[in-house]
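Student: Sharing a structure with you now.
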Amino acid sequence: MRAVCWRVTLLLSMVFSFGLAAEPAFVIRDVRVVPVAGEPIDKATVSIVDGKIVEVGRQTKLPPGAAIVDGRGMTLYPGLFDCMTMLGLTEIGQISATNDHSELGTFMPHLMSWSALHVESEHLPVTRAGGITHALTYPRGQRISGQAAIVNLDGWTPEQMEIRRAGAMILNFPGQPGLRYPRNYDGPNRRARPYAELQKEYQKDLSELRLFFEKAHHYMRARQAEGQTTIAGYDARLEAMIPVLKGERPVVVIAQWAPDIRAAVRFASEQRLNYVLFSTGEVWKVLDFLKENNVRVILGPLQRLPETEDAAVDIVYRTPALLHERGIPFAIATGDSADSRNLPYEAGTAVGYGLPYDAALRAITLTPAEFFGISGELGSIQPGKKANLVLVRGDILDYSGEVKQLWINGKSVSLESKHSRLYEKYKNRR
């Protein structure tokens, strides 16, 4: 019986590892390389061995037995990184059984989006076809919604997709009342509520957040007490906060309106968090404040109208350029699942409104990798880094650009998706 079980286990491991191993060695020749960390190189050769980049340049050695990929007339980019999305956590928004992106509870730092990842999601191949090779997929919820995972967009199981199982903690900062709608507005078809009542709720939310962090600090000190190996009253929620309080785990602080952004930054600074601000709102109103406080920013999505009537119609498109002009580090993300495939065009939109091309490409490759501590592995085409690469005919930030081949960890990944299958099905319809 044990022998049978062993054979079954071996067979399963072979099945699940099939197709995931990197090609032993291959080179991409005569290609224009955009390394992001340096100047573009024309007619270059990139050597990849066992899933890692070995050499980049015009004069490179051919690894023994290497396969050759002809890159003439094409450009090689590092794989794109959507650093705020819900890929793998939601499939069809209006069908609740296909959504597993949030849980009940105000403070849920121990929950991990990685454990809910749906590896067969149709959104994954569609996103890959746009040149995105890895993503940070995050849970939605209430105040602290859980831990986001950084994953490659290819694999049989979550374990095989994993880059960082616990990539970042997600903190939804309380929003002040009356910043967008009339002061007594509480949603359509609901009763009008006095501003004082809404303000009281806001202060209560702030107090609860501060109290939770205070509890987490007390818990951490108890765990770190000299000679302390166990602790009475083990709390999974507070245990998950320890890497956050130590600054070992990044925190994505989500805030939209200018007063909320200021309050969120002050709170994160007081708690000495290793934080990044994610906002789709009024970042453009607090540029000097962000610069003074050395805040790192994730923007997205950009292809939308402003939230308020008094804002310039193109202010969302121009915000990346405004951040760049002031030297504020920023990344661009989609913040969604179905729209992740549009990540390169989000960056392209920013280029059309004043952002330098190099800065736009960096905002969806190397900069988010730096934010989340994976720049030593991904984000640019350099020796020693993992071979997450995209071969494109044309410009990857333009709708006319065509992704011809894509590698994740040095493995060539199919570009077939539901979109391409439907195209093939209906293109010859009479």
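The values are calculated or read from the model by the stated rules, or taken from the named source; none is laboratory data. Owing to the predicted nature of the structure, the values given are computational and were not obtained by experimental measurement. Cβ coordinates were reconstructed from backbone atoms using ideal geometry, including for glycine residues, and neighbour counts include every protein chain displayed.
Student: Taking the condition over 26 Å from Ala369 (Cα atoms) and in a strand (DSSP E or B), does Lys43 pass? Let's see the steps before the verdict.
Tutor: Working: over 26 Å from Ala369 (Cα atoms): yes; in a strand (DSSP E or B): yes.
Judged against the criteria, Lys43 is a match.
Student: Within the range 387-406, work out how many residues are under 19 Å from the mean Cα position of the chain (by Cα) and either on the phi > 0 side of the Ramachandran plot or in contact (Cβ under 8 Å) with a residue 60 or more places away in the chain (or both).
Tutor: Keep residues of the range 387-406 that are under 19 Å from the mean Cα position of the chain (by Cα), which gives 387-390, 396-397, 406.
Narrowing the set further to residues that are either on the phi > 0 side of the Ramachandran plot or in contact (Cβ under 8 Å) with a residue 60 or more places away in the chain (or both) leaves 387-390, 396, 406.
Looking only at that region, the number is 6.
Student: Next up: State which residue is surrounded by the fewest Cβ atoms within 10 Å (Cβ to Cβ) when the search covers only the range 365-386 and only residues that are among the polar types (S, T, N, Q) and touching a residue at least 12 places away in the same chain (Cβ under 8 Å).
Tutor: To start, the set of residues in the range 365-386 that are among the polar types (S, T, N, Q) comprises 365, 367, 375, 380, 382.
Those still in the list that are touching a residue at least 12 places away in the same chain (Cβ under 8 Å) too: 365, 367, 380, 382.
Numbers: Thr365: 29, Thr367: 23, Ser380: 19, Gln382: 16.
The qualifying residue surrounded by the fewest Cβ atoms within 10 Å (Cβ to Cβ) is Gln382.
Rundown of residues vs (1) crowded, with 23+ Cβ neighbours inside 10 Å; (2) touching a Gly at 6+ places or on another chain (Cβ under 7 Å); (3) more than 25 Å from Thr133 (Cβ to Cβ), yes/no style:
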| site | (1), (2), (3) |
| --- | --- |
| Arg272 | no, yes, yes |
| Val283 | yes, no, yes |
| Asp314 | no, no, yes |
| Glu325 | no, no, yes |
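Student: May I ask you to say which residue of Val244, Val252 is of a type outside the set (Gly, Ala, Ser), in a strand (DSSP E or B) and crowded, with 19+ Cβ neighbours inside 10 Å? If you could, list the steps in order and put the result at the bottom.
Tutor: Numbers: Val244 fails: in a strand (DSSP E or B).
Going through Val244, Val252 in turn, just one is of a type outside the set (Gly, Ala, Ser), in a strand (DSSP E or B) and crowded, with 19+ Cβ neighbours inside 10 Å: Val252.
Student: Further question: For Gly335, are the conditions met, namely being surrounded by 16 or more Cβ atoms within 10 Å (Cβ to Cβ) and assigned to a helix (DSSP H, G or I)? Explain how you work it out, then say what you get.
Tutor: Numbers: surrounded by 16 or more Cβ atoms within 10 Å (Cβ to Cβ): yes; assigned to a helix (DSSP H, G or I): no.
Spelling it out, it is not the case that Gly335 is surrounded by 16 or more Cβ atoms within 10 Å (Cβ to Cβ) and assigned to a helix (DSSP H, G or I).
Student: Residues of the range 387-397 being farther than 18 Å from Asp70 by Cβ and either crowded, with 23+ Cβ neighbours inside 10 Å or in contact with a helix residue (DSSP H, G or I) (Cβ under 6 Å, 6 or more places away or on another chain) (or both), which ones? Full working, then the answer.
Tutor: In the first step, residues of the range 387-397 are kept if they are farther than 18 Å from Asp70 by Cβ; the result is 388, 395-397.
The answer is Asn388, Ile396, Leu397.
Student: Determine which member of the set Ile261, Ile298 is modelled with pLDDT of 95 or more and either assigned to a helix (DSSP H, G or I) or among the charged types (D, E, K, R) (or both).
Tutor: Values: Ile298 fails: either assigned to a helix (DSSP H, G or I) or among the charged types (D, E, K, R) (or both).
After applying the criteria, what remains is Ile261.
Each row is one residue, and each column tells you yes or no for (1) in the same structural domain as Gly300 (by TED's automatic domain parsing); (2) in contact with a helix residue (DSSP H, G or I) (Cβ under 9 Å, 6 or more places away or on another chain); (3) on the phi < 0 side of the Ramachandran plot.
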residue	(1), (2), (3)
Ala363	yes, yes, yes
Lys385	no, no, yes
Ser417	no, yes, yes
Tyr423	no, no, yes
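Student: Tally time: how many residues in the range 280-295 are within 20 Å of Val244 (Cβ to Cβ) and either polar (S, T, N, Q) or outside any loop (DSSP other than H, G, I, E, B) (or both)? Full working, then the answer.
Tutor: So the first thing to find is which residues in the range 280-295 are within 20 Å of Val244 (Cβ to Cβ), and the list is 293-295.
This time we only want the ones that are either polar (S, T, N, Q) or outside any loop (DSSP other than H, G, I, E, B) (or both), so: 293-294.
Going through the range 280-295 one residue at a time, the tally reaches 2.
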